[in-house]
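Each remark here refers to the structure printed beneath this line.
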Amino acid sequence: MLDKNGIAKRIAKEVKDGYYVNLGIGIPTLVANFIPKGINVVLQSENGLLGMGPFPFEGEEDPDLINAGKQTITTLPGSVFFDSALSFGMIRARKVNLTILGAMEVAENGDIANWKIPGKMVKGMGGAMDLVASAENIIVAMQHVNKAGESKLLPKCTLPLTGIKCVKKIVTELAVLDILPQGGFKLLERAPGVSIDQIKNATAGKLIIEGNIPEMEL
Amino acid sequence: MLDKNGIAKRIAKEVKDGYYVNLGIGIPTLVANFIPKGINVVLQSENGLLGMGPFPFEGEEDPDLINAGKQTITTLPGSVFFDSALSFGMIRARKVNLTILGAMEVAENGDIANWKIPGKMVKGMGGAMDLVASAENIIVAMQHVNKAGESKLLPKCTLPLTGIKCVKKIVTELAVLDILPQGGFKLLERAPGVSIDQIKNATAGKLIIEGNIPEMEL
Amino acid sequence: MINKSVKNVDEAIADIKDGMTLMVGGFGLCGIPENLIAALVKKGIKNLTCISNNAGVDDFGLGLLLQHKQIKKMIASYVGENAEFERQLLNGELEVELVPQGTLATRCLASGYGMPAIFTPAGVGTEVAEGKETRKFTFHGVEKEYLLEHAFEADFALVKAWKGDTAGNLVYNQTALNFNHAMAIGGKITIAEVEELVEPGELDPNFIHTPGIFVSRIFQGEKYEKRIEQRTVRKRDI
Amino acid sequence: MINKSVKNVDEAIADIKDGMTLMVGGFGLCGIPENLIAALVKKGIKNLTCISNNAGVDDFGLGLLLQHKQIKKMIASYVGENAEFERQLLNGELEVELVPQGTLATRCLASGYGMPAIFTPAGVGTEVAEGKETRKFTFHGVEKEYLLEHAFEADFALVKAWKGDTAGNLVYNQTALNFNHAMAIGGKITIAEVEELVEPGELDPNFIHTPGIFVSRIFQGEKYEKRIEQRTVRKRDI
């Protein structure tokens, strides 16, 4: 079973040289720490930055330099600032190659819910709806089950949707799964030490298992 | 009767302090020469400049600094460059207070034709269609009659239109006329030495003459 | 040049009235018009509709207007980080319209570009699309459904820039640019507060983010607090 | 950073093929991609559809492609100043679609903003509107009719910038900016030629016109002629 860093580490393998990547809040943010040296990627922060660098050294925080999670950050040589409208322009125009974000629920048809729990939480969708509606390549990083032990990989989302038929891949503490164009979670890899049965038990939606399912390499 | 500079001089009186103004090619360009010192106006050139200055001194021409007529120009303190899309954005958003342009024909309902003579001339509309479709305040600077001696102030345009019901005022070598919301050329002023009959003879569209028509003051 | 400078923030907001709609720049607490917000609080203008990406925190940014119950309706993309907001919302004291962040920015931008409506795929198939017109377009071979979203109509846009000149030209610093440009061009009347107000000619005309034609009033703000919402740092290697 | 630099113009245009659609930046002869146009002429690529505000003059700019009959269709707002153009048009050798200048710029921009279509009042009631969908919108109390205009789909955008870095970030000089930014963001594949190619970090990240994400290839051009179309000057007072 993977911890948060393990999930991030596995997702980092999906990041290809030359990619522009948007990382959501939470586990996705950790992915940046595991991108191998030789792989050139540019991180987009939708509040208006391409080329997000690491956190600043203590004492060097700049209130005018934050990421979409409102964290103080730094730039890199070749970074560029732009306004929010152009930022979502490049997202809609599919110039961002990969979007990695968290989710509360994912359905077997690729629907995703991650912005609202009716009666409980009303924080808003931020940029998530724009990202999932436009990105060609969306990976969800999340726990396989919620705190109540219920599967988050469902036949159909129960929470208000963020986007429809958009998620392509899911990485959880248990497994890597693709969502097939015709629907269904296709199991690709097991986390180290995790059995097929564990994954079956944690997946409420249609799980497709074909042939031997290897353990993931990290 | 006015010459081109006279027409420009009369139009300059319509330019108010604090206006952003777009000047078309030809007579409108000359208007800039007659704006009184105390009147602060900013000239917009739709290829991407606010704050157009005079022509450069000989030897100081810069190929990267031209106006919409492709003439070498200069900037002024406070000038700003922007891209063509934002330039027409500010035009559509009605931030430009006054547009002055030439015309081949104007109709008594405010229609204007100035971009095409079928079978003869196909230069294109450039920015004129955008300007006339958006500007709140359009003054046409032109000769009252064409080279064949035919009136250019018509009941209806015969040439392909540039825009509909948009011209508010016309200044010619003979007269200043408003176009009324309900239609018709309302005569406001005569050019020095020009008689009402001369204007009547040169105006094919509905001419409205009420009360005494003063000679224009220049 | 046309001089857009006003004496101070009070003169700048003199004609903002109860019940008006305001665009307010900034992302979180980054790049917010601190002086203008403080002046609205001081003047006690009420029943405002605020279009802003966030609602500030409890005791800063738009949170100050919420504290004093001056906001009737909030149009935003993300309103976490604000307990008073949540309280007013759950008590029905506050109307809220949540809008995807890109849609929010583009609806401001559309106003500045004189485009009455735009098409965006954000929110298709979700509750955001309820009651809205959708339409399919094929672009570069991909057919997709889009929502028709209308440009925002705001009486005023309140923005914060880094530097500005008296002709109204604005320059922003780093990610404090965020929504400020789209709102500066999108407001019917735009008021800009700047950290440094300079004379025309001092800003490089090649590198101005918002041309002065979009700005109606400009003044130099005071005592910028520039609060940091999430101070994240790394340790120096010793 | 991702390195977008290519060795030279020939590498840059290696996959531009007969029959493709190109956006070509510039206004008149100002800010045109001289090296890219020359390379297209040299390579003899034919049946091109060119989206460009103008068609150059007889012996420069896109006029060179016209001279060699490489352009099948021209989409432009203004095509005066070009006798060869007029000859080909009147002889039926050249298709022409005339588009209002603002519509042209905005249809390029729309591509870069991922908006499949936009609304503009330009051309309503004229022959430009023939066969097009119109729609009324009320904005700030004014009801007006607008045309629905589609974003341009171009295989390549060819643009010219002043400076650029190898990450593809572009900066333009003065009015040579014109259509280059809207096209740089609007092309499916964007090729930028620059007067000066620098390393990442040499351009101020606050003041970049076109972010590198929109640019696929970049190279430093050679021997810029920068011809002036209308040399207008005033005399010095002595």
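Of note:
- Compared with the alpha-carbon gap, the fully stretched path from B:LYS16 to B:GLU150 is longer by 44.9 nm at 0.36 nm per residue.
- Shape category assigned to the stretch D:72-205 from the gyration tensor of Cα positions, a/c cut at 1.5: oblate
- Dipole in debye (nearest 20) - the stretch C:44-100, about Cα centre, beta carbon charges: Lys, Arg +1; Asp, Glu -1: 260 debye
- Taking Cβ atoms as reference points and 11 Å as the exclusive limit, the residues near C:HIS209 contribute a net charge of 0, counting Lys and Arg as +1 and Asp and Glu as -1.
- Here the stretch B:66-88 is scanned for amide nitrogen atoms under 12 Å from the site 7 Å beyond the Cα of D:LYS226 along Cα-to-Cβ, giving B:66.
- Alpha-carbon centroids, the stretch B:112-158 and the stretch A:59-111: separation in whole Å: 48 Å
- Residues A:ASN40 and C:ARG234, FRET efficiency given R0 of 30 Å [Cβ-Cβ distance, rounded to 0.05]: 0.90
- If only the Cβ of Lys and Arg carry +1 and only the Cβ of Asp and Glu carry -1, the dipole of the protein assembly as shown around its Cα centre is close to 1180 debye.
- With R₀ fixed at 22 Å, the C-beta to C-beta distance from C:ASN47 to D:LEU148 puts the FRET efficiency at about 0.05.
- Top positive-direction residue, dipole computed over the stretch C:66-119 with Cβ charges, set C:GLY92, C:SER77, C:ALA110: C:ALA110
- For C:THR138, the label point sits 7 Å beyond Cα toward Cβ; its separations from the matching points on the remaining copies run 3.7 nm, from shortest to longest.
- Other-copy label distances relative to C:GLU199, 7 angstrom Cα-Cβ extension, nm: 3.9
- Lys, Arg +1 and Asp, Glu -1 on Cβ, resulting dipole of chain A about Cα centre, debye, nearest 20: 600 debye
- Full-extension gain in nm, B:LYS165 to B:PHE57, via 0.36 nm per residue minus C-alpha separation: 34.8 nm
- Measuring r between the beta carbons of C:ASN91 and D:GLU196 and using R0 = 45 Å, the FRET efficiency lands at 0.15.
- Label geometry 7 Å along the beta-carbon vector: D:HIS68 inter-copy distances in nm: 6.8
- For the stretch A:177-193, backbone nitrogen atoms closer than 15 Å to the point 7 Å from A:ASN212 Cα along Cα-to-C-beta are found at A:189-190.
- Seen through its C-alpha gyration tensor, with square-root eigenvalues sorted a ≥ b ≥ c, the stretch D:175-227 comes out rounded because a/c lies under 1.5.
- Rotational relation D to C, axis-closest Cβ in chain D, residue and distance rounded to whole Å: D:PHE207, 2
- For the pair the stretch C:96-149 and the stretch D:1-54, the centres of their Cα atoms are 33 angstrom apart.
- Chain D: C-alpha gyration tensor shape, a/c 1.5 cut-off, then a/b vs b/c: rounded
- Listed residue pairs exceeding 23 Å between alpha carbons, taken from B:LYS168/D:LYS132; B:LYS168/D:LYS144; B:LYS16/B:LYS37; A:LYS147/A:LYS200; A:LYS120/C:LYS43; C:LYS73/C:LYS136: B:LYS168/D:LYS132; A:LYS120/C:LYS43; C:LYS73/C:LYS136
Computed from the coordinates by the stated procedures, all read-outs in this text should not be read as laboratory data. Note that this is a predicted model, so its numbers are computed, not measured. Please note: Cβ atoms are built from the backbone with ideal geometry, for glycine as well, and neighbour counts cover all protein chains shown.
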